[in-house]
Structure formats: structure tokens, C-alpha cells
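The values are calculated or read from the model by the stated rules, or taken from the named source; none is laboratory data. Here the structure is a predicted model, which means the values were calculated and not measured. Cβ placement follows ideal geometry from the backbone for every residue including glycine, while neighbour counts extend to all protein chains displayed. Ligands, DNA and RNA are stripped out before the accessible areas are found, and what is left, the full protein with its side chains, is counted by its heavy atoms. Shrake-Rupley method; radii C 1.70, N 1.55, O 1.52, S 1.80 Å.
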Amino acid sequence: HLRFGFKISNKAIDYKLVVNEHLPKVIEAFKGYRGHVSYDLYGLYYQGGLNDDNAVYNRLREDKTLDIDGRNNIYTLYPAQFWDAALCQLALGYGPDEVIARLDGKCRMAVRLMGGVYLILNDDPNMSYETFVQMNEQIKPILGLV
């Protein structure tokens, strides 16, 4: 795992540049199988927060064959993420080219990276939690995700 963070208020850091150019280079450098941009604690809240109040997520947690948001499942979509080809196949049932085809014109970027796919669904550094949820609700059905 590699984690690095910064405050959006730091004017010396161009968030869009990080998402659009730097993160793909980091993923390539570390030969990652999965990577994503977290924004605040939106992912945690989306999954039910500290009170575990997301019934769909809780049902998935009961399935011991699933590695939720791990090697064989995609539950949370993030503003930007990378999935290798194996993760696409295991979690979606199809490969990176199909991901790109399904999202053509529906997101900011969907491109091949290291045999997988790199997606930018939102590169707004001021994204609200409501927009994060809306992004998930809009894109997940296109990909066939719960």
C-alpha cells in the first residue's frame, strides 16, 4: 500500500494535474493492480460509515468469497481509479476495453494503463459528498455494479 495526501487548499498542488497526470505515473511506477483517489472520507461514508448503515454493503460483507473493493469486487467508485485487467475480469466479468467502451462519453477519462484501465469520473477538487454519491449512482449501473 502506498498512501499520500495533501490538502486541497494547498495552492502549490494542482489537484487536476495530480489526478490527470501524476497518479497514473505512480501506478505505473509501483506496478499496482488497483489504485484510487480518495476525497475526504467519502468512501467510508458511502459504505455505511462508522454505524454500518448501508444495507447493500452489509449484504456484500456477509459473502466471504468477496473481497469488497479488493481483488475481486468493485463496490465504491472514486473520483479517479485504476483497475488491472484481472480485477476487471474478476469484479466485472469483462475486460478493460469493455469498461472503456461502456464509459465512452460518460466520464472525464477512460484509458488503458498497464493492460488495465484508468478512469477519471470527477476531477473537481471541490466535489461534494452528494456529487460523489450521484457519481456512483450514475456510473455503477453502466458497469453492471451493485
#### Entry: Stokes-Einstein D (µm²/s) once Rh is taken as the Kirkwood radius of segment 21-146 over alpha-carbon pairs, at 10 °C in 1.306 mPa s
107 µm²/s
#### Entry: segment 72-87-segment 1-43 distance, computed between alpha-carbon centres (Å)
14 Å
### Query
How many Å² of accessible area per residue for the chain, probe 1.4 Å?
58 Å²
### Message
For segment 107-146, what are Rg and Dmax over the alpha carbons, in angstrom?
### Response
11.4, 32
#### Entry: Gaussian network model of the chain, Cα within-10 Å springs - most flexible of 67, 14, 40
14
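Report, to the nearest whole %, how much of the accessible area of segment 83-137 belongs to carbon and sulfur atoms, 1.4 Å probe, protein only. Present the calculation step by step, with values, prior to reporting the outcome.
Numbers: 1180 of 2560 Å².
About 46 percent, which is the carbon plus sulfur part of the accessible surface.
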### Summary
HN-Hα couplings for segment 40-57 via Karplus (6.51, -1.76, 1.60; θ = phi - 60°), in whole Hz with x for Gly/Pro, come out as 6, 10, 4, x, 4, 4, 5, 7, x, x, 5, 8, 6, 9, 10, 4, 5, 4
### Message
Please list 3J(HN,Hα) in residue order for segment 6-21, calculated via the Karplus relation 6.51 cos²θ - 1.76 cosθ + 1.60 where θ = phi - 60°; whole Hz, with x for glycine and proline.
### Response
7, 8, 4, 5, 6, 5, 7, 10, 9, 3, 4, 5, 4, 5, 7, 10
### Query
Hey, what's the per residue convex hull volume over the C-alpha atoms of segment 28-79, in cubic angstrom?
92 Å³
### Task
Could you work out which residue, out of 30, 132, 82, moves most in a Gaussian network model of the chain, that is, has the largest mean-square fluctuation with Cα springs under 10 Å?
30
#### Entry: Among 4, 89, 36 the positive-end extreme of the charge dipole of the chain (Cβ point charges)
4
### Task
Could you list, in their original order, any pairs among 64/140; 7/64; 25/64 whose Cα atoms are separated by more than 32 Å?
7/64; 25/64
### Summary
Asserting the computed 222 nm helical MRE of the chain (DSSP H runs at least 4 long, -39500 (n - 2.57) per run, divided by residue count, to nearest 500) equals -8500 deg cm²/dmol
### Query
Taking amide H positions as placed 1.01 Å from N in the peptide plane, with prolines and chain starts having none, which residues 5 or more places from residue 36, or on another chain, fall under 5 Å of its amide H?
82
